[in-house]
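This report refers to the structure that appears directly beneath it.
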Amino acid sequence: MNNPYPFSNTNKRYYTYDYYLKQKYGSKVFKVAIDGGFTCPNRDGKVSIGGCHFCSSLGSGEFGGNRKDSLFKQFDQVRDMLHRKWPIAKYIVYFQSFSNTYAPVSYLKSVYEPLLSKENVVGLSIATRPDCFNEEIYEYLSELAQKTDLTIELGLQTIHDDIASSFNRGYNFSTFLETFNRLKELKINTLVHLINGLVNESKEMMLENARVVGKLKPWGIKFHSLYVIKNTMYAKLYEKEPFKIMEQDEYIDLVVRQLELLPKDCVIERLTGDPSKEDLIAPTWALKKVAVLNGIDKKMARENTYQGRLFNE
Ligand code: SF4
């Protein structure tokens, strides 16, 4: 009988990023978040000034380095800390905060490339918006993908444009599709970021997000639940009139249903978020990352289900 979950050698019934990295590099690999000094067109006025309603003034990069420090200093600080516990680890440089392709190619080169020559750096992961690309950038990224293990992380959050407008995303699903398809054509690994529990998005709509994105066959997917953090537009709205936030069990059930809809070979980089305790307003269960992940594993085992069980081409 075919192995129903071929991309796992643990109790996980989905294709974890950890498994992918261990198979590929044979050792522990860490992503090191670096602040490359970027901004975002949804904050600097090109598209809007408010930003997405869930985004903090740090551009959703709460755990990144300090942009006042050099790239090397930011990297070395994290690497040195990790090195004490994992002396033979490898590293992926991760540009997470703001929109990390929103600059001329000359600037992109000046921040992406210096750290690639550091010992044990094996790749580069770049988070951005789908409306921050042009032909010159595609061409450069295509060259870069020949030099390092490159992943582009596209923040989509939802395929539903009405929900996206309600949190001020500032681009349509068609823009995402155009960029996604272009990156696919260039054979650049693309990871899609979805948020569950967006205000007014129903369970059926969230399942549709997974179904539609799954059919696009991205290299990877990342999910987390909507959490309200301080100094965001959602924090203001929530304070004025609390809106519905998903419960932990509801979230676990939803994620299991979404995993069933994805292709088996889609890498699952994350299934729950990592908000900072000091900044989190709701839900407090978002801090219990291990409990959420265990809940997903247990539910999948109990129901004897797995990633890709309901995936249709
Ligand atoms: S696109 Fe990203 S950085 Fe820009 S406002 Fe939205 S979440 Fe923040």
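Each reported figure results from applying straightforward, stated rules to the coordinates on display, with no laboratory input. Everything quoted here is computed from the prediction, not taken from an experiment. Virtual Cβ from ideal backbone geometry, glycine too; neighbours counted across all protein chains shown.
Each of Ser166 and Val212 was given a label point 7 Å from its Cα along the Cα-to-Cβ line. The distance between the two points is 1.5 nm. Magnitude of the charge dipole for the chain, about its Cα centre and with charges confined to Cβ atoms of Lys, Arg (+1) and Asp, Glu (-1), is about 900 debye.
For the chain, give me the percentage of DSSP beta bridges that are antiparallel, rounded to the nearest 5 percent. Before the final figure, lay out each step's value.
Working: 2 of 35 bridges.
The answer is about 5 percent antiparallel.
Which of Tyr91, Tyr107, Tyr15, Tyr138 has the fewest other C-beta atoms within 10 Å, and how do the rest follow up to the most?
Numbers: Tyr91 22, Tyr107 13, Tyr15 26, Tyr138 17.
Lowest to highest Cβ neighbour count: Tyr107, Tyr138, Tyr91, Tyr15.
Inter-label distance, Lys236 to Arg84: 4.1 nm, where each label sits 7 Å from its Cα along the C-beta direction.
Modelled this way, with points 7 Å down the Cα-to-C-beta line, the labels at Asp249 and Lys46 are 4.6 nm from one another. Averaging 1/r over every pair of different alpha carbons in the chain and inverting the result gives a Kirkwood radius of 20.1 Å.
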